[in-house]
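The values are calculated or read from the model by the stated rules, or taken from the named source; none is laboratory data. Quantities reported herein were computed from a predicted structural model and do not represent experimental measurements. Counting neighbours? That spans all protein chains shown, and the Cβs are built from the backbone with ideal geometry, glycine included. SASA here: full protein model, heavy atoms, side chains in, ligands and nucleic acids out. Shrake-Rupley method; radii C 1.70, N 1.55, O 1.52, S 1.80 Å.
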Amino acid sequence: MSKDLGVTAEKQDAFSEWYTQTIVKAELIEYTDVSGCIVYRPASFAMWEAVQAFLDAEFKKLGVQNAYFPSLITESLLNKEASHIEGFAPEVAWVTHGGKSELSERLAIRPTSETVMYAAFSKWIRSHRDLPLLLNQWTNVVRWEFKHPTPFLRGREFLWQEGHTAHANKEDAEKEAQIILDIYKRCYEELLAVPVLSGRKSEKEKFAGADYSLSLEALFPNGKAIQACTSHHLGQNFSRAFDISFQDVSGKKEFAWQNSWGFTTRSLGVMIGVHGDDKGLVLPPRIAPIKVVVVPITFSKKPEVSAEVVSLAKKLCDENGWHLDDRDHHSPGYRFAEWELKGVPVRLEIGPRDLEKKVVVVSRRDQDGKEEIAVDNISSHVETLLEEIQSGLFLRAKQKLDSSVVDVSSLDQLKEVVFSGKLARAPWCGSEESEEEIKKVTGAKSLNMQGPTSDKCFVTGQKAQGVFVFGRSY
Ligand code: 87F
């Protein structure tokens with residue numbers, strides 16, 4: 001492959017250039033003439049389908065049902081719960097016209113669906129017997145971001161699932177918010193092989209409409225943290241605004257206890273950033289659309305031998321669901337480089353000499369080197385190898401994350417740690433004023449709370465809410 005087909009930027013030195021080159025050259029995305037709106041090409045959409053399959057199955061085990069609500073929301077409905085929209089108002093995109101005629105009320109393109117869903121919840125919920133109501137939808141959303149867009153990580157239109165649930169009591173709702181976060185964590189760790197930090201957001205960083213927000217946070221190799229997904233306990237904030245109320249067992253009127261939770265295509269960007277290398281994508285097998293590619297190597301001088309090589313390659317692909325690359329108008333070297341760029345976990349080569357020796361040459365994307373494996377054992381060997389690559393990628397990233405969290409006890413230390421590309425951990429009071437000071441002095445934000453502590457806040461000396469991690473973030 002010529003230089004301009006491959007990735008020319010080094011991941012270590014020029015992460016964002018490396019990232020954008022990789023996702024375009026690996027044919028994951030295409031830009032459009034609308035800034036922040038990208039095409040998800042088949043390779044990345046297949047990954048999203050794998051995420052959907054994983055999460056959807058888990059949601060269904062909890063009794064969550066899928067539904068679909070419209071993408072247009074009237075202005076009055078969007079503004080019904082004022083506090084949640086406050087900070088977000090500049091990001092709402094509006095439909096103002098149908099053809100040439102102006103609408104009597106403009107319509108928001110959904111940035112999130114609390115309002116349109118809860119207007120319906122209010123009609124459907126009457127009695128404690130109607131609870132819990134557990135709905136999810138797989139949709140797109142539009143947010144008119146003004147920050148620089150980065151494909152998958154921040155865009156004006158993205159794909160997600162949003163779960164919205166109503167419960168008869170606070171305890172059930174709170175339990176569910178945590179269960180969902182744990183499912184999200186398994187999706188990141190088991191499917192995407194990305195380790196995450198799980199915990200509660202600070203007051204400043206939580207969703208304004210929530211009593212509290214839980215999140216997963218991930219770390220990029222360039223030292224920047226990124227919020228991986230969120231699960232919010234909404235308390236009764238929306239149920240009061242939308243009158244989602246029910247008669248409890250004793251006949252008394254009560255407002256429902258609610259959660260909302262979301263997981264987006266950002267997850268793919270996080271996975272790409274965590275695992276890729278200078279040659280391009282490195283895909284964990286479970287998320288890879290093509291897990292194994294077989295490249296037969298043929299020579300026009302010996303057509304009979306070539307035919308045999310191709311037929312063995314084809315047979316292996318048919319039997320195992322592997323991908324056959326028999327494009328003989330490209331050299332083997334070109335094809336190898338292309339599959340490396342696209343992150344295919346395992347590549348098999350078969351040439352005339354291998355055919356004679358009854359072996360296949362195996363290369364794994366996550367490590368250098370090749371090995372010869374007997375054709376008879378290749379199927380089980382590759383199965384084991386895929387498992388090994390999956391767990392190896394996770395472990396490597398996990399060690400990197402674990403060794404990147406550094407305990408600090410002053411703002412100076414925190415600043416030093418986050419500027420060295422690591423995350424700082426400290427007992428902290430969690431107050432909004434303190435968070436503003438931290439941001440001003442160090443450029444870092446709180447990510448989430450890892451657990452309780454009896455230590456004093458490292459900034460104010462007051463009682464700490466818990467141990468928080470901080471980092472520079474996207
Ligand atoms: C942008 C414009 C308008 C985020 C917005 O996190 C409103 C909003 O409400 C907005 N950006 N949010 C918060 C979304 C909260 C919540 N919704 C369900 C989630 C997960 C899925």
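Observations, loosely collected:
- Residues in the stretch 365-421 that are touching a Ser or Thr at 6+ places or on another chain (Cβ under 7 Å) and under 22 Å from VAL294 (Cα atoms): LYS370 only.
- Of the strands (runs of 3 or more DSSP E) lying entirely inside the stretch 17-113, those containing at least 1 residues that are modelled with pLDDT of 95 or more, more than 16 Å from the ligand (Cβ to nearest atom) and surrounded by fewer than 19 Cβ atoms within 10 Å (Cβ to Cβ) span 29-31, 38-40, 93-98, 101-109.
- Any hit, the stretch 243-257, residues being within 30 Å of LYS398 (Cα to Cα) and assigned to a strand (DSSP E or B): no
- Check on GLU338, over 23 Å from PRO195 (Cα atoms) and surrounded by 16 or more Cβ atoms within 10 Å (Cβ to Cβ): yes
- With respect to being modelled with pLDDT of 95 or more, touching a helix residue (DSSP H, G or I) at 6+ places or on another chain (Cβ under 9 Å) and not assigned by TED's automatic domain parsing to the domain that holds HIS164, GLU10 fits the description.
- Some residue of the stretch 35-44 being in the same structural domain as ARG154 (by TED's automatic domain parsing), in contact (Cβ under 8 Å) with a residue 24 or more places away in the chain and among the charged types (D, E, K, R): no
- Qualifying residue in the stretch 433-453 (condition: hydroxyl-bearing (Ser, Thr, Tyr), part of a strand (DSSP E or B) and in contact (Cβ under 8 Å) with a residue 40 or more places away in the chain): yes
- If the condition is being out of contact with any strand residue (DSSP E or B) (no Cβ under 7 Å at 6 or more places or on another chain) and of a type in the set (Asp, Glu), then the stretch 361-390 contributes ASP366, ASP368, ASP376, GLU383, GLU387, GLU388.
- Inside the stretch 1-16, residues that are β-branched (Val, Ile, Thr) and part of a helix (DSSP H, G or I) make up a count of 0.
- For the stretch 283-301, a residue qualifies if it is assigned to a loop (DSSP other than H, G, I, E, B) and over 15 Å from LEU191 (Cβ atoms), and the qualifying residues are ILE290, ILE297, THR298, PHE299, SER300, LYS301.
- Residues of the stretch 227-253 that turn out to be open to solvent by less than 20 Å² (accessible area, probe 1.4 Å), within 15 Å of the ligand (Cβ to nearest atom) and hydrophobic (A, V, I, L, M, F, W, C), as a count: 5
- Residues of the stretch 359-408 satisfying the condition of being within 30 Å of LEU216 (Cα to Cα), of a type in the set (Val, Ile, Thr) and surrounded by 19 or more Cβ atoms within 10 Å (Cβ to Cβ): ILE389, VAL408
- Restricting the stretch 255-280 to residues that are in contact with a helix residue (DSSP H, G or I) (Cβ under 6 Å, 6 or more places away or on another chain) and within 22 Å of GLY333 (Cα to Cα), the residue that is surrounded by the most Cβ atoms within 10 Å (Cβ to Cβ): GLY280
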